[in-house]
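The values are calculated or read from the model by the stated rules, or taken from the named source; none is laboratory data. This structure is a prediction, so every number in the text was calculated from the model and none was measured. A quick note on method: Cβ atoms are made from the backbone with ideal geometry, for glycine too, and the neighbour counts reach across all protein chains shown. Each accessible area value is taken on the protein alone, full model and side chains, heavy atoms only, with ligands, DNA and RNA left out. Shrake-Rupley method; radii C 1.70, N 1.55, O 1.52, S 1.80 Å.
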Amino acid sequence: PEIDVVLSDINMPRMDGLTLLGRIGALEQALRVVIVSAYGDISNIRTAMNRGAFDFIVKPIDFGDLEITIDKTYREVTALKQAAALQGQLSALQHELDIASEIQRSTLPSTFPAFPERTDFDLYATTLPAREVGGDFYDYFLLDEHRVGFSVGDVSGKGVGAALFMAVTRTLLRATALQGLSPAECVRHVNRVLFPESLARMFVTLIYGELDTRTGEMTYCCAGHSPPMCLRKDGTVDVLARTGGIGVCLVKDFAFQERSATVTPGDTLLFYTDGVSEAVNGTGEQFEDDRLLDCLARTEADTPAATIRAVLHAVEQFVGGTPQADDITVLAVQHLG
C-alpha cells in the first residue's frame, strides 16, 4: 500500500510490462504506472496506455524528463488518494444523514387512518423534505373524548440544525397541549421555554389548533404562520382569519392570541407550510395562495388524503420539474359530525 508510482520497462525477462499492467490494474489501490520502452516501439506504448499506463518514457532516458514525469505522476496519485478520502467522508456523512432522515420520519405520526375507530373526523398529513432532513413538522393527537389537536410548523433554515430544532418544538408543543392549555397558552409556553435555548436567528412559525367534534368549533393560534383554509362541503373555500402572531423564538414574552371558527360536517381544514405557496417554477414564479385556493375550489376530493394528493399534484404540475427548494408539509382534517 505504500507504493504510489511504478516505473516499468515493457521488455522484461519473466513477466513483461504489459502483463504487469494487467496485474496492477486488478489491485484495489491508488497507484500509477509509467512505462519505459524503445523510441520506435509505438505499438506497445499504445497498448500500454490503453491498458491503464499513466505516462511513458522512451529510451534513451532523459533523466530530467524522467524526474518531471515521476513528479507529475506522484501528484496525480496524491490527488486520487485525497479524493478517495473525501469520498469516504462523504459516504459516511451520507450514511449519517440517511439514518437521521429515517429517525425523523419515524418521529412523525404516519399511520393512516390515524384513528380508525373514530367516525366523527378524518385526518391525513404528509411532509416532503427538500433535503435528507427537513425543518417542517406536523402532529396530531387526541386531547379527550371529543377534542383532537393538530399542528404544523416550519423551522427557519434547512438541514440537521433545523431538523433537531423541529423535533424539540414538536415534542414540547404536544406535551404542553396534553396538559389542557388553550392553543394560545400552548404557543406562549413553547415560546417561553424555547427562546433561551434557540440559536441566533433560528425561529419557527407554527399553527396549533383544536377541533371539538361535538360542536364543530375549531380554536387555533398562528405563530407567524399562514392561517388554515377551509374547504366547505358545498365546494366554497374560506381562508380563516389570522391571529396576529409572530414566529416562536423571536420575542421572549410575546402575547400570542387565538381565534375560533366553526366547521360543519363535511368541511375540510387544510394546514400547510410555505413550501406549498412559495414553490417556484422554471421562471421563478411562485405557486402562491391564490393557486392553492383555486386548486381546492376545483377539487372533487372527498377525503383528507384525496385533498392533499390534489394539492401536491397541483404544485408538481406548476413547478414542472424545478428542484424543490423548501420543505413541503400539508395536514388536512375533515369534520364528519
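Size descriptors for region 172-256: radius of gyration and Dmax over Cα atoms are 14.2, 46 Å. Per residue, the accessible area of region 48-91 comes to 70 Å² when a 1.4 Å probe rolls over the protein heavy atoms. Here the Karplus relation 6.51 cos²θ - 1.76 cosθ + 1.60, evaluated at θ = phi - 60°, turns the backbone of region 143-150 into coupling constants of 8, 7, 5, 10, 10, 10, x, 8 Hz, with x for every Gly and Pro.
Label separation (residue 61 vs residue 164): 5.6 nm, computed from points 7 Å beyond Cα along the C-beta direction. Fully extending the segment from residue 50 to residue 171, taken as 0.36 nm per residue of separation minus the present Cα-Cα distance, adds 37.5 nm. Placing a label point 7 Å from the Cα of residue 119 along the Cα-to-Cβ direction, the residues of region 129-150 with a backbone N closer than 19 Å are 145-148.
Gain in length, residue 74 to residue 38, computed as 0.36 nm per residue apart minus the alpha-carbon separation, to one decimal in nm? Don't jump to the answer; show the numbers that get you there.
On the way: separation 36, 0.36 × 36 = 12.96 nm, distance 2.32 nm.
Stretched fully, the residue 74-residue 38 segment lengthens by 10.6 nm.
Region 146-233: which trypsin sites (Lys or Arg not before Pro) are DSSP loop and have at most 16 other beta-carbon atoms within 10 angstrom?
Details: sites: 147, 158, 170, 174, 188, 192, 201, 214, 232, 233; in loops: 158, 201, 214, 232, 233.
Answer by residue number: 201, 214, 232, 233.
Ligands, DNA and RNA left out, the accessible area of the chain computed with a 1.4 Å probe is 54% carbon and sulfur. The aspartates and glutamates whose alpha-carbon is closer than 19 Å to the alpha-carbon of residue 252, local same-chain residues fewer than 8 away aside, are 154, 185, 197.
Counting each pair of different Cα atoms once, what's the Kirkwood radius of the chain in Å, rounded to one decimal? Write down the numbers at each step before the final one.
Values: mean 1/r = 0.0415 Å⁻¹.
Radius from the Kirkwood sum: 24.1 Å.
Taking 25 Å as the straight-line reach from the Cα of residue 72, the lysines in range (excluding those fewer than 8 positions away in the same chain) are 59, 81.
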